[in-house]
Each structure stands twice: as C-alpha cells, then as structure tokens.
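Only the coordinates and a few stated rules stand behind these numbers; no lab work does. Quick caveat: nothing in here was measured; it's all calculated off a predicted structure. Reconstructed Cβ throughout: ideal geometry from the backbone, glycine too, with neighbour counts over all protein chains shown.
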Ligand code: SF4
C-alpha cells in the first residue's frame, strides 16, 4: 500500500514549481511489478497537456521500436515510465529544456528500489544515461553504439523524437542491428 501511495506523493510534488513555466504536473507510469523500465528525459508539451507520457510522435516511434501496442505500452504492470524529470520543463531555442535537476535526487531511488521484477531498462538520451550508466563518459552516439556491452538487462537508446531523424540517418546500424535485438528482448521479457 505504501508503495502505491508513493505515486500519490510524487503527483503532489511541487519541489521545483518556481522553475516550471506551466507548473507542476508529474507525468510518470509506475507499478512495483513492472518488467520493463523506460528511463527517459522529461515530458513534452503534448504529454503535459494529456497527462500521459509519450502521447506524441516520439511515443509512436518508441512503440514501433519496441514492437508494443499502445495497450501493452500503457500497462504499468508491464512497463514503468520514469523520465529524469517528471514535469514539462519548458522550451528553449532548440527544443525542450533539460529535465529539472531537482527531480531525480528527490524521487528516483525511491521509485527504482521496489522494481524487483525489472528485466530490461531502456536508457533514453544523455541525461538518463548519465544517471543509469554512471561509468559511461562517452557521447550519446558512442554509448548507443556500444549497446552490446550493456546486454542483456540494459539497452541505451537515442531519443525517439523526430528531431533525431538526422542522427538516425547518420547511424544506419541503429535500425539494422540494434532495433531487431531490442524487439527480440522486449518480446522475450513479455512472453
Ligand atoms: S519536476 Fe520533479 S521535482 Fe519538480 S515539481 Fe515535478 S515532480 Fe517535483
């Protein structure tokens, strides 16, 4: 009971409200039985407005990468979605601002600790990679290119945003080699 009430505690959080242009609205998906963790960056404007993570083009692409239906993706007993910042951080000149730095120290350990059934963690983008792969000192591209060294329980990914289309074009090995393995791992975890 206490564990699920932790979600209520997060949803009432206003720790960094002064820095959030649209105010606090934590967007996360969590259940202690989750088998896959999506460790992402921060919700975008559409997710903020909907109150649901990945309700945008990034989410459609991510579900395609994973081979999951929306129903599977939004089942918290299968998939936990914990971005590095739970609230929309606002936008800057070149896209959304980074996740608020107050969020992960305040909540992350308490939410990760009960996830005893986790079999696969997908670490999306440089902020999540800095937290979940702390020994990693390389660029995002180098980290994702070294994906095989993190198997079988972790797979680093770039952000699925359309803003990364050029990155995806420049790194064809991602679609040719990593994505088939990613789908196979997700399928194995869920079956
Ligand atoms: S971003 Fe995190 S720390 Fe800041 S108000 Fe939202 S839940 Fe709280």
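For the chain, what is the mean residue ellipticity at 222 nm derived from helices alone (per DSSP H run of n ≥ 4: -39500 (n - 2.57); sum divided by total residues; nearest 500 deg cm²/dmol)? Could the numbers behind the result be given before it?
Details: 9 runs with 72 residues, N = 191.
For the chain, the value works out to -10000 deg cm²/dmol.
Work out, in µm²/s and without decimals, the Stokes-Einstein translational diffusion coefficient of the chain at 20 °C, 1.002 mPa s, Rh from Kirkwood over C-alpha pairs. Numbers along the way, then the final one.
On the way: Rh = 16.8 Å.
Using the Kirkwood radius from Cα pairs, D works out to 127 µm²/s.
What is the fewest-to-most order of 19, 31 by other Cβ atoms lying within 10 Å of their Cβ?
Numbers: 19 13, 31 18.
Placing the least packed residue first, the sequence is 19, 31.
State the extension gain, in nm to one decimal, for the chain segment bounded by residue 57 and residue 138, taking 0.36 nm per residue of separation less the distance between their alpha-carbons.
Working: separation 81, 0.36 × 81 = 29.16 nm, distance 2.76 nm.
Contour length minus the Cα-Cα distance gives 26.4 nm.
Percent relative contact order of the chain, based on C-alpha pairs within less than 8 angstrom and at least six residues apart?
Values: 301 pairs, mean separation 49.6, N = 191.
It comes to 26 percent, rounded to a whole number.
Once you place label points 7 Å from the Cα toward the Cβ at residue 77 and residue 183, how far apart are they in nm?
2.7
Output the antiparallel fraction of DSSP beta bridges having both residues in the chain, as a percent to the nearest 5.
On the way: 3 of 14 bridges.
Given both bridge residues lie in the chain, the antiparallel proportion sits at roughly 20 percent.
Counting other beta carbons within 10 Å of each Cβ, put 55, 141, 121, 69 in order, fewest first. Kindly include the intermediate steps, with their values, before the conclusion.
On the way: 55 19, 141 13, 121 22, 69 10.
Starting with the residue having the fewest Cβ neighbours, the order is 69, 141, 55, 121.
Note down the Stokes-Einstein diffusion coefficient of segment 130-191 in µm²/s, whole number, using a Kirkwood radius over alpha carbon pairs, 20 °C, and 1.002 mPa s.
Details: Rh = 12.6 Å.
It comes out at roughly 171 µm²/s.
Determine which residues of segment 69-109 fall in the zone a paramagnetic label at residue 19 would reach in this model, i.e. backbone nitrogen under 17 Å from the point 7 Å along Cα→Cβ.
What the label zone holds, given the 17 Å backbone N cut-off, is 83-93, 96-109.
Separation between the residue 170 and residue 102 pseudo-spin-labels, each 7 Å from Cα along Cα→Cβ, expressed in nm?
3.5
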